[in-house]
1. Please work out, to two decimal places, the log10 of the ratio I(q)/I(0) at q = 0.17, 0.18 Å⁻¹ from a Debye calculation in which every Cα of region 24-148 carries one identical scatterer.
2. Could you order TRP84, TRP187 by accessible surface area, starting with the largest, using a probe radius of 1.4 Å?
3. Show me the three semi-axes of the equivalent ellipsoid for region 112-167, from the C-alpha gyration tensor (sqrt of 5 times each eigenvalue), largest first, rounded to whole Å.
4. Hey, if you put +1 on the Cβ of every Lys and Arg and -1 on every Asp and Glu Cβ in region 39-105, which of ALA74, GLN99, THR85 ends up farthest toward the positive end of that dipole?
5. How far apart, in nanometres, would the label points at MET125 and LYS79 be if each is projected 7 angstrom from Cα along the Cα-to-Cβ direction?
6. Taking 0.36 nm per intervening residue step and subtracting the Cα-Cα distance, what contour gain separates TRP166 from ASP143 on full extension?
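The values are calculated or read from the model by the stated rules, or taken from the named source; none is laboratory data. Keep in mind that this is a model prediction, so the values were computed, not measured. All Cβ positions, even for glycine, are placed from backbone atoms using ideal geometry, and neighbour counts span all protein chains on display. All accessible areas refer to the heavy atoms of the entire protein, side chains included, with ligands and DNA or RNA removed. Shrake-Rupley method; radii C 1.70, N 1.55, O 1.52, S 1.80 Å.
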Amino acid sequence: MTNQQSPAPISFIQNILVARWRSLLLLLAGVYLPLQIFELLAVKLWQYEAGFPWDLPILLAVHSTAQPALDIVAVVLTKFGSFWTVGPILGMIAIVLWQRKRWRSLAYLLTTALGSTIINRTAKMLMHRVRPQLWVSGAPEFDFAFPSGHATTSMTLVAMLLILTWATSWRWLVLTVGSLYILVIGWTRLYLGVHFPSDILAGWMVAIAWAIGVSIIIKPNLTKPTAVGDQTQEETTLLPEET
């Protein structure tokens, strides 16, 4: 009887890295790095309540462009980053996914949206950062500032749509329009004086990390292989393949 030698540990690790390098790179760039930035912002803010040296200059630079016409534009546009605006949009997307029986994508949408809201509210309560009070805002806010809810919500929406459309040509439109949408919402929050730049950056980072992290687990775009004779097994998944 011959003894079959088990694969060497180095060879096994090498095979894993070769097979999963895309997932590992996504985990590093899409989850770990944004979370590191968010943690850095949160820790520094916890240590120095006054904020960051670059917060005030950026905020004042944005305010220096203020004029009555822009005041109206900012007040109107900022509403498109609110949960009360994004929520119905997510609801319509969820209905479409339900009708098409895209259960995995639907699970991803609901989990990411709900989790993002919980994370944002929890972080606000933990950090207790007071909003800027440098001038009278045209759209005042009365809860805590860090991280920005509008920045988190807008980035979560775009990140989810980009992930859901990644395998289609729609991703370029989502990326282009979505990037502009995110920047505009961030600008309105600074222009209206209701957030520091670090609040915006933190909201973006935590939304990116959460949206990508959930996608790695749920795999919303995973479908059953259709190639003839393809016996390749997919990674362990939480949900059955979509039809």
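1. Log-scaled intensity ratios, in q order: -1.16, -1.22.
2. Values: TRP84 205, TRP187 75 Å².
Solvent-accessible surface, decreasing: TRP84, TRP187.
3. 27, 14, 7
4. In region 39-105, that residue is GLN99.
5. With each label point 7 Å from Cα toward Cβ, the separation is 2.9 nm.
6. Working: separation 23, 0.36 × 23 = 8.28 nm, distance 3.53 nm.
So the extension gain works out to 4.7 nm.
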